Amino acid sequence: MQYIQDLWKKHRYPYFFIAPAVLLLLLFSIVPIIIALIISFTNMDLIGLADYSAIKGTGFTNYLKLFEDPVFLKSIYNTFIYVIIGVPLVVIVSMGMALLLNYGTSWLFKTFRVIYYMPSITNIVAVAVVWGYLYNSSYGLFNYVLSWFGLPAQQWLQDPTLAKLSLILLAVWKAVGLNMIIFLAALQGIPRTYYEAAEIDGATGWKKLRFITVPLLAFATFFVTITTLIGWIQFFEEPLVMTKGGPLNETISMALFIYNNGFQLRNFGYAASGSFVLFVIIIIATLIQFVVKKKDVEY
């Protein structure tokens, strides 16, 4: 006991410094997660929120109902489509933009960096208003451009397939700016000596890109992929603002399904169970990424 007391006296100060952060983490992250997990095993709704005695335990009923719900299954499918198309596009486009902007230091290149970054910090409601005009089937800019080539007008947000692709295009446009900055920072950290040695050996621009730049961007690419993957699994703002999940639930995502059940229909227990299914999917996807990365490092 005396040993523990002496150890505490000697090392107590670091714990005082991290205590506020730990307290905030417990109050606003850990405790709400535990409460939501408990709620997911109940029938809690708006009545239960007002009268706790009306709340009844349901076991795994909410989870079983989820996988019998065609709307939830549709949201899983839609989220999968968003991820497999959106994540590679964001990584490739943001890396390409960073590569193009990394080789110039003039005011023009700096201006373009700001322009490409601006969508990332623009409010989604303002973005939705602008893109709503672009996608408008009667007087939108995209259909106007199609008319130059004699192509028919498209129902961008009304056609089930086009609506998904339209939301992906919007989300990619909004996401590439921040990831471009990350890639730019990584590119500027690559020592110039590698390229000079490659030039002495007669390496072309393509070979320098393939054998020096891309491999040395591996950790930045891994970070961008992980954060982008998590963000796209939680794809929410774009379908909420642009389509409300329509037409016929063809653009509804898992996050939007949870929002609709929790805040529109007030089925808090059912929504909480959906949020934990989403949580498990995010954890599994992240772990897979770490396992793949670890194997690449070992090789």
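Only the coordinates and a few stated rules stand behind these numbers; no lab work does. Just so it is clear, the structure is predicted and the values come from calculations on it, not from any experiment. Here Cβ is always computed from backbone atoms with ideal geometry, including for glycine, and neighbour counts include all displayed protein chains.
For the stretch 110-162 and the stretch 251-291, compute the distance between their C-alpha centroids and round to whole Å.
Spelled out, the Cα-based centre of one part sits 28 Å from the other.
Enumerate lysine pairs in the chain that are 8 or more residues apart or on different chains, then count those whose Cα atoms are under 19 Å apart.
Final tally of qualifying lysine pairs is 8.
When a footprinting reagent is the concern and you count Cβ atoms within 10 Å, what order do Tyr13, Tyr117 take, fewest first?
Result, fewest neighbours first: Tyr13, Tyr117.
So for the chain, taking the charge dipole from beta-carbon charges (+1 Lys/Arg, -1 Asp/Glu), which of Trp107, Pro70, Val224 sits furthest toward the positive end?
Sorting the options by dipole projection puts first Trp107.
Once a ≥ b ≥ c are taken as the square roots of the eigenvalues of the Cα gyration tensor of the stretch 9-102, is the result rounded (a/c under 1.5), prolate (a/b larger than b/c) or oblate (a/b not larger than b/c)?
Verdict is oblate for the stretch 9-102.
Mean separation of Cα pairs under 8 Å and 6+ residues apart, divided by the residue count of the stretch 69-298: what relative contact order is that in percent?
Worked out over the stretch 69-298, it gives 29 percent.
For Thr42, what residues show an amide H to amide H distance below 5 Å, using hydrogens built from the backbone and excluding near sequence neighbours?
The list, which skips near neighbours in sequence, is Thr58.
Can you tally the net charge around Gln188? Count Lys and Arg as +1, Asp and Glu as -1, for every other residue whose Cβ sits under 15 Å from the Cβ of Gln188.
Residues close to Gln188 contribute a combined charge of +3.
Suppose only helical runs count, i.e. DSSP H with n ≥ 4. What mean residue ellipticity at 222 nm does that imply for the chain under -39500 (n - 2.57) per run, divided by all residues and rounded to the nearest 500 deg cm²/dmol?
Mean residue ellipticity at 222 nm (helix-derived): -22500 deg cm²/dmol.
Please build a GNM for the chain, connecting alpha carbons under 10 Å apart, and tell me which residue among Val83, Val241, Val130 fluctuates the most.
Highest fluctuation among the options: Val130.
For the stretch 173-183, take each phi angle, set θ = phi - 60°, evaluate the Karplus expression 6.51 cos²θ - 1.76 cosθ + 1.60, and give the result in whole Hz per residue in order, putting x for glycine and proline.
Values, residue by residue: 4, 7, 9, 5, x, 5, 5, 4, 4, 5, 5 Hz.
Please sort by residue number the trypsin sites (Lys or Arg not before Pro) in the stretch 192-299 whose DSSP state is loop and whose Cβ has at most 14 other Cβ atoms within 10 Å.
Those satisfying the criteria are Lys244.
Just Val125, Val172, Val87 to compare: in a GNM of the chain, with alpha carbon springs under 10 Å, which one fluctuates most?
Sorting by GNM fluctuation, first place goes to Val125.
Place a +1 charge on the Cβ of each Lys and Arg in the chain and a -1 charge on the Cβ of each Asp and Glu, then give the dipole magnitude about the Cα centre in debye, rounded to the nearest 20.
It works out to roughly 560 debye.
Taking the chain as a Gaussian network, Cα atoms linked when under 10 Å apart, which of Ile168, Ile230, Ile18 shows the biggest mean-square fluctuation?
Ile18
Only one of the listed values, (1) 1.07; (2) 1.27; (3) 0.97, was derived from the coordinates as Cα Rg over 2.2 N^0.38 Å; which label is it?
Only one listed value fits the structure, namely (2).
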